[in-house]
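A short write-up of the structure that comes next.
The values are calculated or read from the model by the stated rules, or taken from the named source; none is laboratory data. These numbers come from a predicted model, not from an experiment. Because the Cβ atoms are built from the backbone with ideal geometry, glycine has one as well, and the counts that use them run over all protein chains shown. Protein only, heavy atoms only, side chains kept; ligands, DNA and RNA dropped before computing areas. Shrake-Rupley method; radii C 1.70, N 1.55, O 1.52, S 1.80 Å.
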Amino acid sequence: GLCFFFFLTGCPDEPELSSEKVISAYSFNSVDNPSLPSNVSGVISDTAVSVTVPHGTDVTSLIASFTAAAETVTVDGVDQESGATVNGFSAPVTYTVTAEDGTALDYTITVTAGLNGANEITAYSFPGAANPELDSTVTGTISGTDISVTVPYGTDVTALIADFTVTGISVMVGGADQISGTTANDFTDPVTYAVTAEDGTTRDYVVTVLL
């Protein structure tokens, strides 16, 4: 009777192969990437993944961590292991996500470096050549965001021209653009220089001229 039962019902069906092929999370973790100060998570939009890393990060050799529901994940035919496989991200990288049933979906990973946050004055002086009041160049002392410059007693400080070196993209005094070696300011009272970085952050330096 048992054999007759199987004859009527046929063999059990093969389990249906899954068509699931999804990357649901993507990040660069600092534990795998010593150049990163902290973990950086990607933003997934359909099959596009965008990741912004800090300015100056070496994107030519990064290890990604990802969560994928799929049979395999490959880049140019190379199997990808989350938290282990190294790739270069100077240009967008295509991850091919393949399901159990053999269907595949391509995800494009684009890595962008963030804007530079540097906004420092690294050197400051009054050059003798630009300031007839001075016999020679007088160099300032930078301490944190305070800069002190001692000029000879009796110097007219109402229109001194400074030379300065900055890591930011703009320097302003009271809303006026400052050009190193060109712009004159009145230093009767301390003068505040606002140095703005590429990322828009600003740092104020106070220059005090001493006689």
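Here are some notes:
- Tabulated pairs, the stretch 13-25, first modelled with pLDDT of 95 or more, second of a type in the set (A, V, I, L, M, F, W, C) and in a loop (DSSP other than H, G, I, E, B), C-beta under 6 angstrom, 6+ apart or interchain: 18/99; 19/99; 20/99; 21/70; 21/99
- Apart from one condition, residue 132 fits all of (1) free of Cβ contacts under 8 Å to residues at least 24 places away in the same chain; (2) open to solvent by 70 Å² or more (accessible area, probe 1.4 Å); (3) in a strand (DSSP E or B); the exception is (3).
- So residue 140, is it on the phi < 0 side of the Ramachandran plot, touching a Phe, Trp or Tyr at 6+ places or on another chain (Cβ under 6 Å) and among the small types (Gly, Ala, Ser): yes
- Options 144, 117; residue that is without any contact (Cβ under 8 Å) to a residue 40 or more places away in the chain and either within 31 Å of the chain's Cα centre (by Cα) or surrounded by 15 or more Cβ atoms within 10 Å (Cβ to Cβ) (or both): 144
- Which numbered condition residue 124 fails, given (1) modelled with pLDDT of 95 or more; (2) surrounded by 12 or more Cβ atoms within 10 Å (Cβ to Cβ); (3) on the phi < 0 side of the Ramachandran plot; (4) part of a loop (DSSP other than H, G, I, E, B): (4)
- Looking only at the stretch 184-210, residues that are within 19 Å of residue 143 (Cβ to Cβ) and either in contact with a Ser or Thr (Cβ under 7 Å, 6 or more places away or on another chain) or assigned to a strand (DSSP E or B) (or both) come to 14 in all.
- In the stretch 45-58, the residues that are open to solvent by 30 Å² or more (accessible area, probe 1.4 Å) and of a type outside the set (D, E, K, R): 45, 47, 48, 50, 52, 54, 55, 56
- Strands (runs of 3 or more DSSP E) contained entirely in the stretch 61-104, each with at least 2 residues that are polar (S, T, N, Q) and over 19 Å from residue 35 (Cα atoms): 72-75, 93-98
- Residues of the stretch 93-114 satisfying the condition of being within 29 Å of the chain's Cα centre (by Cα) and either open to solvent by less than 50 Å² (accessible area, probe 1.4 Å) or among the polar types (S, T, N, Q) (or both): 93, 94, 95, 96, 97, 107, 108, 109, 110, 111, 112, 114
- Residue in the stretch 147-205 that is surrounded by the fewest Cβ atoms within 10 Å (Cβ to Cβ), counting only those that are over 22 Å from residue 131 (Cβ atoms) and small (Gly, Ala, Ser): 175
- Residue satisfying all of: in the stretch 59-92; among the charged types (D, E, K, R) and loosely packed, with under 15 Cβ neighbours inside 10 Å; nearest to residue 110 (Cα to Cα) among these: 76
- Check on residue 201, at pLDDT 95 or above, farther than 17 Å from residue 123 by Cα and among the hydroxyl-bearing types (Ser, Thr, Tyr): yes
- Residue in the stretch 79-95 that is closer than 25 Å to residue 198 by Cα and in contact (Cβ under 8 Å) with a residue 60 or more places away in the chain present: no
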